[in-house]
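For reference, the structure is listed below as structure tokens.
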Amino acid sequence: MAQTLEDFDFALTIGRARVTLQPLGVVAAITPWNSNYGFICGKLATAIAAGCAIVIKPSEMSAVQTQVLAEALHEANLPVGVFNIVNGRGDVVGAELSTHPNVAKISFTGSTAVGRAILRAASETMKRVTLELGGKGPNIILEDADLDAAIPTAAMMGFNNSGQACVAGTRILAPRSRMAEILPRLEAAVAAIKVGETIDPTVMIGPMVSQKQYDRVQGYIRLGLEEGAELLVGGEGRPEGLNRGWFVRPTVFTGVSNGMRIAREEIFGPVLCVIPYENEDEAIAIANDTSYGLQAYVASADPAHARRVAEQLESGRVVINGAPHEPLAPFGGFKQSGIGREYGRFGLETHLEARAILA
């Protein structure tokens, strides 16, 4: 945000009008447990840059992150009143913030179901709303992809944060012509992933956040088998050697059609689906055949080819060959993955109102 402000103009002359961008007012931010401190920092930085005070309703499931961050902000002498925390459940505190007349804007990151409820509640007072919601990201492995690079990247993008990520690439779209090469590589890559306590630096997948989330993921694994999908690796229960804790076996399904629930619903755990395609047009059609559109992935040995495919995807972001995060670029979703954008000037503008003075 500091970099964004360096060349951001809050006053413009447009035709005969003088246009000024004004702070909206008090922002309420509701953040999820899967990256609580990250979402708080992103929303707080944007509010400060726009000149807005902010009230945070952090996830009650990640209280330590909230406390550590609050202590750091206190020590940094952030002015009193700029940053405020109201702890509590979403259906109590979040609901109150969504309807409170003194709140000008809601910035929410979380599930699509809760996002709908916030949007309805906020409409009563015409609050400005930014919603960053769920995803069911496609990861298209193109026929010309370097599989030695694409397969480990696909596993990383699918299992990042133990699969508890809205941006996870959980639908791997693979060319049928190369399936015999792809599946053994994917099976080996996933089988080699270590699950356990995250104090171990060799661990890639930690526990689910709660028993509720563990049970949800186990239910989807059972559902996949009931729908007729086949296990390439993983399955129900805890990984070998772990007899306690909410640890899930990293799981990959094959024989998946895009109409199955495991291919359409956000599981939020380390569960991936491999969906075959015959040609590039079909791959793009399958990728776009979803109610979500947050983040998609493309793997190709030819960057120009990857970009041509990326430009046809209905997604707020498309990552080519595992490219790193760009915090100046907009982040947000198409369709039911959200409304509005965060980060950079796009996020800053959602915290401002334009006023034109004509003379």
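The values are calculated or read from the model by the stated rules, or taken from the named source; none is laboratory data. Note that this is a predicted model, so its numbers are computed, not measured. A quick note on method: Cβ atoms are made from the backbone with ideal geometry, for glycine too, and the neighbour counts reach across all protein chains shown.
Give the stretch 14-47 a look and list any residue that's part of a loop (DSSP other than H, G, I, E, B) and among the small types (G, A, S), or say none. Give the derivation first.
Kept after step one, since they are part of a loop (DSSP other than H, G, I, E, B), are these residues of the stretch 14-47: 15-16, 24-26, 31-32.
Scanning the stretch 14-47 gives G15, G25.
Contact list please: Cβ distance under 8 Å, first residue in the stretch 238-252 and touching a residue at least 24 places away in the same chain (Cβ under 8 Å), second residue loosely packed, with under 14 Cβ neighbours inside 10 Å and polar (S, T, N, Q), pairs at least six apart or on different chains.
Partner pairs satisfying both residue conditions: W246/S210; W246/Q211.
What residue, among those in the stretch 156-166 that are surrounded by fewer than 24 Cβ atoms within 10 Å (Cβ to Cβ) and closer than 22 Å to E326 by Cβ, is nearest to the chain's Cα centre (by Cα)?
Residue satisfying both the conditions and the ranking: A165.
Mind checking which residues of the stretch 40-68 are among the hydrophobic types (A, V, I, L, M, F, W, C) and out of contact with any strand residue (DSSP E or B) (no Cβ under 9 Å at 6 or more places or on another chain)?
Hits for the stretch 40-68 are C41, A45, A49, M61, A63, V64, V68.
Between G81, G90, which is small (G, A, S), in the same structural domain as G347 (by TED's automatic domain parsing) and either within 26 Å of F268 (Cα to Cα) or under 24 Å from the mean Cα position of the chain (by Cα) (or both)? Steps first, please.
Values: G81 fails: either within 26 Å of F268 (Cα to Cα) or under 24 Å from the mean Cα position of the chain (by Cα) (or both).
None of the others qualify; the one that does is G90.
Which members of the stretch 27-77 meet the condition of being of a type in the set (D, E, K, R) and under 17 Å from R341 (Cα atoms)?
Of all residues in the stretch 27-77, those of a type in the set (D, E, K, R) come to 43, 57, 60, 71, 75.
Hit for the stretch 27-77 is K43, nothing else.
What is the residue count in the stretch 257-273 for residues that are part of a loop (DSSP other than H, G, I, E, B), touching a residue at least 60 places away in the same chain (Cβ under 8 Å) and either of a type in the set (G, A, S) or within 23 Å of P152 (Cβ to Cβ) (or both)? Break it down into steps so the answer makes sense when it comes.
So the first thing to find is which residues in the stretch 257-273 are part of a loop (DSSP other than H, G, I, E, B), and the list is 257-260, 265-270.
Next, from what is left, pick out any that are touching a residue at least 60 places away in the same chain (Cβ under 8 Å): 258, 265-270.
Among the residues that remain, those that are also either of a type in the set (G, A, S) or within 23 Å of P152 (Cβ to Cβ) (or both) are: 267-270.
Final tally of qualifying residues: 4.
Being touching a Lys or Arg at 6+ places or on another chain (Cβ under 8 Å), within 11 Å of T109 (Cα to Cα) and assigned by TED's automatic domain parsing to the domain that holds A121, is that true of even one residue in the stretch 31-54?
Scanning the stretch 31-54, I find at least one residue that is touching a Lys or Arg at 6+ places or on another chain (Cβ under 8 Å), within 11 Å of T109 (Cα to Cα) and assigned by TED's automatic domain parsing to the domain that holds A121, so the answer is yes.
Based on this model, can you work out whether A168 counts as under 18 Å from L183 (Cβ atoms) and touching a residue at least 12 places away in the same chain (Cβ under 8 Å)?
No: the conditions fail for A168.
Considering each residue of the stretch 1-13, count those that are part of a helix (DSSP H, G or I) and either among the polar types (S, T, N, Q) or farther than 16 Å from P327 by Cα (or both), and give that number.
Residues meeting the conditions: 2.
Which ones in the stretch 309-331 are over 20 Å from L147 (Cβ atoms) and not hydrophobic (A, V, I, L, M, F, W, C)?
If the condition is that a residue be over 20 Å from L147 (Cβ atoms) and not hydrophobic (A, V, I, L, M, F, W, C), then E311, Q312, E314, S315, G316, R317, P324, H325, E326, P327, P330 are the ones that fit.
Under 9 Å between Cβ atoms, which residue pairs at least 6 apart in sequence (or on different chains) link something in the stretch 320-349 that is free of Cβ contacts under 8 Å to residues at least 24 places away in the same chain with a partner that is assigned to a loop (DSSP other than H, G, I, E, B) and among the charged types (D, E, K, R)?
P330/R341
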